[in-house]
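The structure under discussion appears below in the form of structure tokens.
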Amino acid sequence: MTIQILPPDLVARIAAGEVVERPASVVKELIENAIDAGATDIRVECVDGGKRLIRVSDNGCGIRAAEVALAFAHHATSKLRSADDLAAIHTLGFRGEALASIASVAQVTCHTRHAEESSGTLLRLDNGRIVAEDRIGRAPGTTMTVEHLFARVPARLKFLRSNATERAHIDGLVARYALAYPAIRFALTHDGRVGFQSSGRGDLREVLVAVYGAEAAARMVAVEAPPDSPGVRVWGYVGLPDLDHANRSKIFLFVNGRPVQDAKLGYAVIQAYHTLLRANRYPVAVVLIALPAEAVDVNVHPAKAEVRFRDPDAVFSVVQRAVRRALLDNLKPPEPPSVLSASLSAALAQAQREPPSIQMAQPPAQPALSGSQTWARVGIPPASQRAEPSSAGQAQPSAAPAPSALPALRILGQLAQTYILAEGPEGLYLIDQHAAHERVLWERLMAQHELGEVHSQALLDPVAVTLPPDSAALLEAHLETLRGVGFEVEPFGGQTFLVRSVPALMIQDDIAAALREIVADLEMGDAVLRRELEAKVLKRVCKRMAIKAGRVLSMAEMQALVRDLEACESPRTCPHGRPTMIHVGLRQLEREFGRLG
Ligand code: ADP
Ligand code: MG
């Protein structure tokens, strides 16, 4: 074998593989060009999943007759002038590679007319070579037609999947851009049939309905950036916890109008659902992030799917808090006291009798000027127009329906002193009394915590607890964390600590044992952020205080517990993500009994 320099057309084809992987990647590049050209109307037509034909028409600025051929040359771009521009990219394209790459692996026809010129241009290329050029008449804008993708590149062709699969990729892609650009009208057809369409009216909610359907869209709540996040804007919609999905594929993330796949950013969204989702389920989310162009590097990946943030942790934290807040804002109001948790309910009511200080702890999101403009653009009402807690403790029911809500249940009895048996319109419910009570306590404690204060009660006799040296040092380091969740603990010399106050809920508990467990939890050390540690402690409190399996419950107690559970935002899982109940549907019973045909 001798070493040879590859001929240019082969080099081009190899390079094309980086940008053009499948029909959807062609659609992506053409849509991005249309958006960069200022289009407000983008039509995408595909035949055979885009393998035979992809046509993207736009009403953007068009290409000047003198530059049409140049647009198809490698590294030809109107969007980047110097290396300095790379530091702050304001367009979706900038590499000048897409048209050249696509043209090297397909037959491309470009019809275009620049807005300032009186006639247009037709340019046809066949696998990289110009085969026709002509003047044409047409309205300003551009139509790119890409036919027989990879027909001359067998190695690529054989990696294309079925028409249906390629179509699905295109559908997902067009949906993403429609979500990121509600003010642009998108229309997609496959084999002549109209598929997805968005109105271009600028209302993100409307696009959600077009993408997910009205039912799912109604189960998504608006996300707004926390007010204390200068330099980063976050908005969008996230699904309530029960609108979940088997994998991460329904988490759509956008950075500066660019769909991105960033595992860590996705994780920030997932984290915001901590304890709200069932085990191994993922949320549905559309989260858009805007930050100054200098704060993000998009030049990481040829297909531009990855981005690099200058301050990733700050971005992740804003995203996580924004999503979390959106979810908590839609939590159900606390229920009246029940037999089981009377002390807690009383504590909560007490805490809510002092609205001013509570409000101060976490002021409602007041849109900054730029933020409200964003919302106006995407059609999200500012926070002030949405449901706010009204009078003492009576938050208004949220406008969005609660999909996780339980139907009203009728208690039948208790099984094995562990499960509550209940009847609902949909059949039989077996409720784990401990897990259910944990969920009830957890949501109440978290509601207090989010309001800025877990209600705490002083012990009549402070309890002294002596710990082994390592544990003592750890506890000493976390006294502030504990204070944040209602524990007042002070060093008492040596390895001994004095517990003066505890969360009101725990007043009857074995305080020394509880503190030892909490310190053991802190030692486990997978949580790092203060809020994570606080949540961990509160989970331990719930676990300790929730009624145990093996305890006989009266009818009234079971009714109270189930009523409390019905009022929970996520009644179907415990704070650790395990189910609180098993539902045996009537149809299932009919099947089991052989009553169905
Ligand atoms: P890039 O988008 O990175 O600049 P492309 O190869 O995608 O590179 O496009 C090359 C150039 O062709 C663009 O910079 C732009 O000037 C022009 N162009 C491509 N598509 C369009 C379009 N739909 N409308 C107007 N100009 C376009
Ligand atoms: Mg481009």
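The values are calculated or read from the model by the stated rules, or taken from the named source; none is laboratory data. Quick caveat, the model's predicted, so the values are computed rather than measured. A quick note on method: Cβ atoms are made from the backbone with ideal geometry, for glycine too, and the neighbour counts reach across all protein chains shown. Side chains included, ligands, DNA and RNA excluded: accessible areas come from the protein's heavy atoms. Shrake-Rupley method; radii C 1.70, N 1.55, O 1.52, S 1.80 Å.
Brief remarks follow.
Rundown of residues vs (1) loosely packed, with under 14 Cβ neighbours inside 10 Å; (2) out of contact with any Ser or Thr (no Cβ under 8 Å at 6 or more places or on another chain); (3) at pLDDT 90 or above; (4) in the same structural domain as residue 554 (by TED's automatic domain parsing), yes/no style:
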{"site": "386", "(1), (2), (3), (4)": "no, yes, no, no"}
{"site": "419", "(1), (2), (3), (4)": "no, yes, yes, yes"}
{"site": "439", "(1), (2), (3), (4)": "no, no, yes, yes"}
{"site": "442", "(1), (2), (3), (4)": "no, no, yes, yes"}
{"site": "473", "(1), (2), (3), (4)": "yes, yes, no, yes"}
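- Residue 212 of a type in the set (Ser, Thr, Tyr) and modelled with pLDDT of 90 or more: no
- Residue within the range 146-155 that is within 11 Å of ligand 1 (Cβ to nearest atom) and open to solvent by less than 30 Å² (accessible area, probe 1.4 Å) present: no
- In the range 128-142, the residues that are surrounded by fewer than 20 Cβ atoms within 10 Å (Cβ to Cβ) and within 12 Å of ligand 1 (Cβ to nearest atom): 140
- Strands (runs of 3 or more DSSP E) enclosed by the range 75-179 - at least 2 residues per element that are more than 16 Å from ligand 2 (Cβ to nearest atom) and of a type in the set (Ser, Thr, Tyr): none
- Output for the range 456-471, where each listed residue is open to solvent by 20 Å² or more (accessible area, probe 1.4 Å) and touching a strand residue (DSSP E or B) at 6+ places or on another chain (Cβ under 7 Å): 456, 457, 458, 459, 462, 463, 464, 466
- Flag if residue 484 is within 31 Å of the chain's Cα centre (by Cα), in the same structural domain as residue 571 (by TED's automatic domain parsing) and open to solvent by less than 30 Å² (accessible area, probe 1.4 Å): yes
- Selection status of residue 24, at pLDDT below 80, within 28 Å of the chain's Cα centre (by Cα) and open to solvent by less than 50 Å² (accessible area, probe 1.4 Å): no
- Subset of the range 535-584 (residues that are of a type in the set (Asp, Glu) and assigned to a loop (DSSP other than H, G, I, E, B)): 569
- Residue 90 vs. criteria more than 31 Å from the chain's Cα centre (by Cα) and either surrounded by 15 or more Cβ atoms within 10 Å (Cβ to Cβ) or in the same structural domain as residue 189 (by TED's automatic domain parsing) (or both): no
- Matching option when the condition is outside any helix (DSSP H, G or I) and charged (D, E, K, R), among 516, 500: 500
- Hits in the range 75-127 (condition: touching a Pro at 6+ places or on another chain (Cβ under 9 Å), more than 8 Å from ligand 1 (Cβ to nearest atom) and modelled with pLDDT under 85): 88
- Number of positions in the range 489-515 that are surrounded by 17 or more Cβ atoms within 10 Å (Cβ to Cβ), over 34 Å from the mean Cα position of the chain (by Cα) and either of a type outside the set (A, V, I, L, M, F, W, C) or outside the structural domain of residue 576 (by TED's automatic domain parsing) (or both): 2
- Boolean, residue 334 is closer than 30 Å to residue 562 by Cβ, open to solvent by less than 50 Å² (accessible area, probe 1.4 Å), at pLDDT below 85 and not in a helix (DSSP H, G or I): yes
- Filter result for residue 185 (touching a residue at least 40 places away in the same chain (Cβ under 8 Å), farther than 19 Å from residue 251 by Cβ, assigned by TED's automatic domain parsing to the domain that holds residue 40 and of a type in the set (D, E, K, R)): yes
- Counting only strands (runs of 3 or more DSSP E) wholly contained in the range 188-294, the ones carrying 3 or more residues that are touching a helix residue (DSSP H, G or I) at 6+ places or on another chain (Cβ under 7 Å) occupy 193-197, 220-224, 233-239, 251-255, 285-290.
- Residue 113 meets each of the listed conditions (1) on the phi < 0 side of the Ramachandran plot; (2) out of contact with any strand residue (DSSP E or B) (no Cβ under 7 Å at 6 or more places or on another chain) apart from (2).
- Residues in the range 29-63 that are more than 16 Å from ligand 2 (Cβ to nearest atom) and of a type in the set (A, V, I, L, M) were compared, and the one that is least open to solvent (accessible area, probe 1.4 Å) is 53.
- Boolean, residue 68 is over 24 Å from residue 182 (Cβ atoms) and touching a Leu at 6+ places or on another chain (Cβ under 9 Å): yes
- Qualifying residue in the range 104-126 (condition: in contact (Cβ under 8 Å) with a residue 24 or more places away in the chain and within 33 Å of the chain's Cα centre (by Cα)): no
- For the range 424-471, the tally of residues that are of a type in the set (Ser, Thr, Tyr) and assigned to a helix (DSSP H, G or I) stands at 1.
- Those residues of the range 64-74 which are within 16 Å of ligand 2 (Cβ to nearest atom), farther than 18 Å from residue 147 by Cβ and not in a helix (DSSP H, G or I), in sequence order: 73, 74
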